[in-house]
Amino acid sequence: MTDDDASFPVRVLRKWHEAEGVVGLELVAFDGGKLPAFMAGGSLELTLPGGIARSYSIANAPTERHRYLLAVLREPASLGGSAAVHERLREGDVLPARGPWDDFPLAAGAVHSLLLAGGIGITPLVAMAHQLYRQGAPFTLHYAARGVHAAAFAAQLRAAPYAHRVCWHFSHRGVGERLDFTAALARVPWLSHVYACGPTAFVAQAVEAARRCGWPEERLHIEAFGTR
Ligand SMILES: Cc1cc2nc3c(=O)[nH]c(=O)nc-3n(C[C@H](O)[C@H](O)[C@H](O)COP(=O)(O)OP(=O)(O)OC[C@H]3O[C@@H](n4cnc5c(N)ncnc54)[C@H](O)[C@@H]3O)c2cc1C
């Protein structure tokens with residue numbers, strides 16, 4: 001982790017279409033060296049073309065020190081950040097970055113981790129899934145998206161050695177496959193840690209279900225990405 005105020009330059013090595021409305025970014029150090037270390041669930045602040053600063057979760061494995069992988073959803077009513085990423089940012093651009101911050105960390109030694117991703121909220125949870133798998137720690141990842149076409153990192157998750165731990169919930173296919181938060185909580189051991197990330201409304205539903213089940217606050221971890 002770096003000093004909160006220190007900014008460092010990163011270069012956009014690759015930018016690609018990751019899913020409908022989502023671009024992927026691979027950022028590397030401007031000098032080609034190692035980047036500041038991060039933990040699974042960590043995030044970075046980028047100052048984008050036009051001068052606006054926005055936070056993004058880092059999706060790759062924390063063992064990788066040569067790059068940060070991000071996925072950025074185009075907010076339809078964006079006032080700057082995601083519009084700048086989608087429309088103005090180019091491969092080769094150099095941006096000031098701050099962080100990474102360890103603001104959504106995994107709890108050590110959990111008996112089980114339940115990861116609940118809503119849409120673009122998958123980004124920190126992919127890094128967590130990777131880390132938990134590497135540690136041999138039990139986990140389940142529920143990924144709710146409109147459809148596979150709109151699900152960032154779908155190909156990566158389907159090819160992952162932990163693919164059998166991923167439960168997909170595509171809302172466009174009908175009610176049967178929607179994520180039932182209460183049912184997901186009921187299927188994991190009571191001492192599990194729960195991590196929910198996504199749009200504000202998704203995270204609020206996860207919190208409401210956990211509280212209804214009497215889930216202790218210290219085993220409930222959330223990160224909300226926006227206003228909706
Ligand atoms: C720790 C953290 C990690 C994040 N990680 C990711 C990530 O991995 N990927 C990702 O895509 N995003 C991520 N985000 C969200 C990201 O930082 C931006 O907030 C998001 O992309 C929207 O930025 P924007 O500038 O495009 O939209 P903004 O212009 O900030 O608008 C965001 C939304 O707010 C609404 N809005 C804005 N102003 C008003 C207003 N005055 N009245 C009513 N509504 C308003 C807009 O309609 C829009 O829907 C993360 C956020 C945090 C805090």
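Any read-out appearing in this document is the output of simple, stated calculations on the displayed coordinates, not a laboratory observation. Remember, it's a predicted structure, so these values are computed and weren't measured experimentally. All Cβ positions, glycine included, derive from the backbone under ideal geometry; neighbour counts span all protein chains shown.
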**Prompt:** Between Asp93 and Tyr133, what FRET efficiency follows from the Cβ-Cβ distance if R0 is 41 Å, with the result rounded to 0.05?
**Reply:** 0.80
**Message:** With angles folded into 0 to 90 degrees, how steeply does helix 200-212 sit against the dominant principal axis of the chain? Use alpha carbons for both and round to 10.
**Reply:** 30
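Stick to Cα atoms and the Kirkwood definition of Rh, then tell me Rg/Rh for region 70-228.
Working: Rg = 16.1 Å, Rh = 16.6 Å.
Dividing the radius of gyration by the Kirkwood radius yields 0.97.
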**Item:** Segments 126-135, 76-85 sorted - mean Cβ within 10 Å per residue, highest first
**Value:** 126-135, 76-85
**Item:** Gain on full stretching of the segment that runs from Ser78 to Asp31 - 0.36 nm per residue minus C-alpha separation
**Value:** 13.8 nm
**Complete:** With 0.36 nm assigned to each residue of separation and the Cα-Cα distance removed, Ala6 to Arg212 gains 70.0 nm
**Prompt:** In degrees between 0 and 90, to the nearest 10, how far off the longest principal axis of the chain does helix 122-135 point, with axes built from Cα atoms?
**Reply:** 70
**Asked** So how far, in whole Å, is the C-alpha centre of region 15-65 from the one of region 72-121?
**Response** 7
**Translational D in µm²/s for region 7-101 (Stokes-Einstein at 20 °C, 1.002 mPa s, Kirkwood Rh from C-alpha pairs)** = 163
**Asked** Which percent, nearest 5, of DSSP beta bridges in the chain are antiparallel?
**Response** 55
